[in-house]
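Asker: One structure, as structure tokens, below. Some questions next.
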Number of protein chains: 2
Amino acid sequence: MKSFEQLLKEFDTHFSGRHFPESPNTLYEPAQYILKLGGKRVRPVCVLMGNELFSDISVDSFHAATAVELFHNFTLIHDDIMDKAPLRRGMETVHSKYGEPTALLAGDVMFVKAYEYLSKIQPDTFQKILPIFNQTATEVCEGQQLDMDFEQKETVSLQEYLQMITLKTSVLLAGSLQIGSIIGGASIGNQKHIYEFGRNLGIAFQIQDDYLDAFGDPLKFGKQVGGDIIANKKTFLLIHALEVASASQKKQLQDLIQANPANKVEQVLAVYKSVGVDAWANELKNEYIDKAMHHLEEIAVLNKRKEPLKLLAHFLVQRDY
Amino acid sequence: MKSFEQLLKEFDTHFSGRHFPESPNTLYEPAQYILKLGGKRVRPVCVLMGNELFSDISVDSFHAATAVELFHNFTLIHDDIMDKAPLRRGMETVHSKYGEPTALLAGDVMFVKAYEYLSKIQPDTFQKILPIFNQTATEVCEGQQLDMDFEQKETVSLQEYLQMITLKTSVLLAGSLQIGSIIGGASIGNQKHIYEFGRNLGIAFQIQDDYLDAFGDPLKFGKQVGGDIIANKKTFLLIHALEVASASQKKQLQDLIQANPANKVEQVLAVYKSVGVDAWANELKNEYIDKAMHHLEEIAVLNKRKEPLKLLAHFLVQRDY
């Protein structure tokens, strides 16, 4: 069994070459640009891990992993256009550097390329994988739309937020694992468990991300703490705080959101702590980790094969097992 | 053999239902909206015709035709965003009505849906069709990028314009016919001929479109004559006129492009006529029609099976055969 780092290295060797022709360079340079910005490559490695949980890694997994990573980058290009984001991984976004029309089109052609790689998979396996890829792609679009819808909504329930996060981020992790498992020859039952492992792990990861944005150690977190609070983002924390706060605390939060005072982060964090949002978020995260680990346990393969996925879970949600 | 009108009716019966789920409505209403704006449905009918040239129409052709029409509408949504077009078929464009972020995403999810329909085709045939669909989709993106690039360029050669038009519009007509022919069981040789028939016909159609924009009867043409001239669009006519004009005529054209006088259309048309652009465009169009018809003749099936495609050619480029 290979570690995340080993699989990442193997994937990068496959992925680092050029994926597009030279011409027209005005279209393909922007497409290559975002791929060179790097990233954690968690999703393609999940494809490889899903495969290796059941059998030796097949060349088909590299095709699928490449398709998944290209799909992910296509969504990043388009999301950045929609969010008018100037930076991605500390560098100019594709549309900032090359203009929105070209970025839009570079995303489109990258999506086609994802299907091209997918179609290299041997036919029997490909027929099983394609519906999952299509379903996942559809759900990711739905999740992004819900996320945009939530910006316009006064209140969002925890249930709605969970659904959005599941669609926007978890299903691609889950789908990547399932696609790998299909290539590895997993039964339908095992496929369901690995999918659920990924889905629950993805939700736990997002809860942690929201938590760290508010309560993280700025030195370790690597980005501005309190960014979500400043931007009035409807996170797990804000949604829960508004649900459990007393009338006066709720008013205080709403006033802070409206008024945007200089010490807003400090004041919102004080409310979060007084209503116990921090402990709640940790509990909720652990609930989803437990669900994920339960599904991993249920997969009918030798325990030692599951080690890399346990380490992956640890890597993503920073808890020992 | 069925006529264009019969096939159009059959396709519309299949296509007129809903293609997307109800929820999230914020994403799927915009997607359904553009499909309801109608259109000539030339490409999906080409799939059906490509099939019927070789054998009875299979249900797979309706899946492929739906995929092609959804793909086409996806490109329309995205092109309209890139071109900042306010109207499409006399109605608000998707991004004008629902905002750019949602339009972008509605296009993306429509593209996934195209692949979903394509994947309903029976496996053996699907494996042959998918590379053509991917190649066509890639080329349509390349064509759109070249079109945008040309707006920034001082001069565009006839060869460059031909390449752009081929990629942006002809290959989808050609690919639709080829996809249908594969479903109909065509040999590789026959597939090549029907593809070339469609590709050349598409170019002839574009030459005619450029011609009619300048020289068409306003009553018959259905849109403002001279629109391309007013917008300084690099059409077949302008490109050729600049290539064959004398030094003084060339200066006159360039001055008209720069100065945008009130009677610009009249003056540009006068130059076009004096350098014989109108006769040249008709000749060029006929050259491409002849090439198209040559490839149709080369297809090894009974002549009577070719009648609907001859009528289609006549319908598209208005010349008797």
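Asker: So which helices (runs of 4 or more DSSP H) are wholly in the range A:206-321 and hold at least 3 residues that are small (Gly, Ala, Ser)?
Answerer: On the way: elements: A:218-221, A:227-230, A:236-244, A:247-259, A:264-274, A:277-298, A:307-317.
In the range A:206-321, A:247-259, A:277-298 are the helices (runs of 4 or more DSSP H) which contain 3 or more residues that are small (Gly, Ala, Ser).
Asker: Next question, about the same structure. Taking the conditions exactly as written (buried (at least 19 other Cβ atoms within 10 Å of the Cβ) and either farther than 26 Å from B:Gln191 by Cα or not assigned by TED's automatic domain parsing to the domain that holds B:Glu116 (or both)), does B:Leu7 satisfy them or not?
Answerer: Values: buried (at least 19 other Cβ atoms within 10 Å of the Cβ): yes; either farther than 26 Å from B:Gln191 by Cα or not assigned by TED's automatic domain parsing to the domain that holds B:Glu116 (or both): no.
The answer is no for B:Leu7.
Asker: Another question about this same structure. Got a number for residues in the range B:20-44 being more than 14 Å from chain A (Cβ to nearest Cβ) and crowded, with 17+ Cβ neighbours inside 10 Å?
Answerer: Qualifying residue count for the region: 7.
Asker: Something else about it: On the basis of being of a type outside the set (S, T, N, Q), buried (at least 19 other Cβ atoms within 10 Å of the Cβ) and either in contact (Cβ under 8 Å) with a residue 24 or more places away in the chain or within 14 Å of chain A (Cβ to nearest Cβ) (or both), does B:Leu105 make the cut? Walk me through it before giving the result.
Answerer: On the way: of a type outside the set (S, T, N, Q): yes; buried (at least 19 other Cβ atoms within 10 Å of the Cβ): yes; either in contact (Cβ under 8 Å) with a residue 24 or more places away in the chain or within 14 Å of chain A (Cβ to nearest Cβ) (or both): yes.
Considered against the rule, which asks whether it is of a type outside the set (S, T, N, Q), buried (at least 19 other Cβ atoms within 10 Å of the Cβ) and either in contact (Cβ under 8 Å) with a residue 24 or more places away in the chain or within 14 Å of chain A (Cβ to nearest Cβ) (or both), B:Leu105 comes out as yes.
Asker: What residue, of A:Gln144, A:Gln159, A:Gln135, is closer than 20 Å to A:Ile239 by Cβ, modelled with pLDDT of 95 or more and touching an Asp or Glu at 6+ places or on another chain (Cβ under 9 Å)? Lay out the reasoning, then the answer.
Answerer: On the way: A:Gln159 fails: touching an Asp or Glu at 6+ places or on another chain (Cβ under 9 Å); A:Gln135 fails: closer than 20 Å to A:Ile239 by Cβ.
Result of the check over A:Gln144, A:Gln159, A:Gln135: A:Gln144.
Asker: Sticking with this structure for a sec: If A:Tyr195 satisfies every condition in (1) modelled with pLDDT under 95; (2) part of a helix (DSSP H, G or I) but one, which is the exception?
Answerer: Only one criterion is unmet by A:Tyr195, namely (1).
Asker: OK, next. I need the full set of residues from the range B:1-50 which are aromatic (Phe, Trp, Tyr) and modelled with pLDDT under 95, in order please. Give the derivation first.
Answerer: Initially, the range B:1-50 is screened for residues aromatic (Phe, Trp, Tyr), giving B:4, B:11, B:15, B:20, B:28, B:33.
B:Phe4 - this is the single residue of the range B:1-50 that is aromatic (Phe, Trp, Tyr) and modelled with pLDDT under 95.
Asker: Looking only at residues that are touching a Phe, Trp or Tyr at 6+ places or on another chain (Cβ under 7 Å) and free of Cβ contacts under 8 Å to residues at least 24 places away in the same chain in the range B:269-321, which one is nearest to B:Ala247 (Cα to Cα)?
Answerer: Filtering first and then ranking leaves B:His314.
Asker: Then there is this: For residues in the range B:59-77 being within 11 Å of chain A (Cβ to nearest Cβ) and out of contact with any His (no Cβ under 9 Å at 6 or more places or on another chain), which is farthest from B:Arg18 (Cα to Cα)?
Answerer: Step one: filter the range B:59-77 for residues within 11 Å of chain A (Cβ to nearest Cβ), giving B:71, B:74-75, B:77.
Among the residues that remain, those that are also out of contact with any His (no Cβ under 9 Å at 6 or more places or on another chain) are: B:71, B:74-75.
Details: B:Phe71: 16, B:Phe74: 16, B:Thr75: 19 Å.
Looking at the filtered set, the residue picked out is B:Thr75.
Asker: Turning to a different aspect of this structure: Tally the residues that are at the interface with another protein chain (Cβ under 10 Å from one of its Cβ atoms), of a type in the set (A, V, I, L, M, F, W, C) and more than 14 Å from A:Ile183 (Cα to Cα), restricting the search to the range A:115-150.
Answerer: Residues that pass the stated criteria total 5.
Asker: Looking at this structure, is A:Phe205 touching a residue at least 40 places away in the same chain (Cβ under 8 Å), closer than 22 Å to A:Asn73 by Cβ and either assigned by TED's automatic domain parsing to the domain that holds A:Gly276 or surrounded by fewer than 24 Cβ atoms within 10 Å (Cβ to Cβ) (or both)?
Answerer: On the way: touching a residue at least 40 places away in the same chain (Cβ under 8 Å): yes; closer than 22 Å to A:Asn73 by Cβ: yes; either assigned by TED's automatic domain parsing to the domain that holds A:Gly276 or surrounded by fewer than 24 Cβ atoms within 10 Å (Cβ to Cβ) (or both): yes.
When the stated conditions are applied, A:Phe205 passes them.
Asker: Kindly provide the set of residues from the range A:179-192 that are surrounded by fewer than 23 Cβ atoms within 10 Å (Cβ to Cβ) and part of a helix (DSSP H, G or I), ordered by number.
Answerer: Taking the range A:179-192 and keeping what is surrounded by fewer than 23 Cβ atoms within 10 Å (Cβ to Cβ), we get A:185, A:187-192.
Selection gives A:Ile188, A:Gly189, A:Asn190, A:Gln191, A:Lys192.
Asker: Moving on to the next point. Name the single residue that is surrounded by the fewest Cβ atoms within 10 Å (Cβ to Cβ) among those in the range B:139-178 being outside any helix (DSSP H, G or I) and of a type in the set (S, T, N, Q).
Answerer: Looking only at the range B:139-178, we keep the residues that are outside any helix (DSSP H, G or I), and these are B:153-157.
Retained after the next criterion (residues that are of a type in the set (S, T, N, Q)): B:155, B:157.
Numbers: B:Thr155: 10, B:Ser157: 12.
Checking each candidate, the answer is B:Thr155.
Asker: Now, a different point. Anything in the range B:82-102 that is surrounded by 22 or more Cβ atoms within 10 Å (Cβ to Cβ) and within 9 Å of chain A (Cβ to nearest Cβ)? List them, or say none.
Answerer: B:Thr102
Asker: Taking A:Lys192 and the conditions (1) more than 26 Å from A:Thr66 (Cα to Cα); (2) away from chain B (no Cβ under 14 Å), which numbered condition does it fall short on, given that it satisfies the others?
Answerer: If we test A:Lys192 against (1) more than 26 Å from A:Thr66 (Cα to Cα); (2) away from chain B (no Cβ under 14 Å), just (1) comes out false.
Asker: Among the residues of the range A:47-72, write down those that are crowded, with 22+ Cβ neighbours inside 10 Å and closer than 28 Å to A:Glu92 by Cβ. I'd like the intermediate steps shown before the answer.
Answerer: So the first thing to find is which residues in the range A:47-72 are crowded, with 22+ Cβ neighbours inside 10 Å, and the list is A:47-53, A:60-71.
Listed by number, the residues that qualify are A:Ala65, A:Thr66, A:Ala67, A:Val68, A:Glu69, A:Leu70, A:Phe71.
The values are calculated or read from the model by the stated rules, or taken from the named source; none is laboratory data. Small disclaimer: the values here were computed from a predicted structure and weren't measured. Cβ atoms come from the backbone with ideal geometry, glycine included; neighbour counts cover every protein chain shown.
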